[in-house]
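Input: a single structure, listed below in structure tokens.
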Amino acid sequence: MSSSRTSQSNLRLFVAVYPPERVARALLAELDAPSIPEHRVTPVEQIHMTLQFIGDTRTKDLESVRESVERSVSGVHSFMLMPFRLLTLPERGPARLIAASTAAPTPLLEIHRRLAHRLARETRKNASDRFLPHFTLCRFARGTTGARADREIACEPFRVASVSLVKSVLRPGGAAHAEVARFPLADD
């Protein structure tokens, strides 16, 4: 089967952190849409930070993925996140998106490390060194040039109290997301 298509018996999965809706709306308000070349804004309900992309997963393996995510967050305490900068990604070469970056608190990095250890299909050298915590706000049309963002933003901090296992279905107008399971973090 081609890796670009997901069969009916497979799920396209990732693990994510979602900000509260008011924060997601505030982040989108930071975009200066008229000055941005052709782009597609991320729907408010789909603004998230991907902690681990899992990819095509057989439906029969869903329970073991759930268990891996649950074990990955076990004992990790809730933490604060604060988006502080708009940036264009990738930072070099043609721009694909504008995102709001955040700091990388220790609990976030620990969850990411554990998820990568348990669920990454390919182990890349120093993969955790390349983890850049961010929320994607818009994506550019293919071949877009001249799109750059690099500025500080003022956004309220928020508590991350859970992570979500999410199913993504690719559609012509963009992906549709559905939460499969939510895993609470330990209380402070």
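The values are calculated or read from the model by the stated rules, or taken from the named source; none is laboratory data. Just so it is clear, the model here is predicted, and its values are computed rather than measured. Positions of Cβ are generated from backbone atoms using ideal geometry, with glycine treated the same way; all protein chains shown enter the neighbour counts. Surface accessibility is based on the protein's heavy atoms, side chains included, excluding ligands, DNA and RNA. Shrake-Rupley method; radii C 1.70, N 1.55, O 1.52, S 1.80 Å.
Odds and ends about this structure:
- Rolling a 1.4 Å probe over the heavy atoms of the protein chains gives the chain an accessible area of 59 Å² per residue.
- Each residue of the stretch 95-102 is assigned a 3J(HN,Hα), and the resulting list reads 5, 10, 7, 10, 9, 9, 8, 10 Hz, derived from the Karplus form 6.51 cos²θ - 1.76 cosθ + 1.60 (θ = phi - 60°), x at Gly and Pro.
- For the stretch 55-135, the list of GluC sites (Glu not before Pro) that fall in a loop by DSSP and count at most 10 other C-beta atoms within 10 angstrom reads Glu91, Glu122.
- Most fluctuating residue given options Ala16, Ala154, Ala104, as computed from a GNM of the chain linking Cα atoms under 10 Å: Ala154
- In a reduced charge model with +1 at each Lys and Arg Cβ and -1 at each Asp and Glu Cβ, the stretch 48-188 shows a dipole moment near 620 debye about its Cα centre.
- Accessible area of Ile54 in the full protein assembly, 1.4 Å probe (Å², nearest 10): 10 Å²
- Normalised contact order of the chain, rounded percent, pairs of Cα under 8 Å and 6 or more residues apart: 32 percent
- Close amide H contacts of Leu137 (hydrogens built in the peptide plane, cut-off under 5 Å, sequence separation of 5 or more or a different chain): Ile98, Ala99, Ala100.
- Whole-Hz Karplus values for the stretch 153-158 come out as 10, 10, 9, 5, x, 9 Hz, taken residue by residue from phi with 6.51 cos²θ - 1.76 cosθ + 1.60 and θ = phi - 60°; glycine and proline positions read x.
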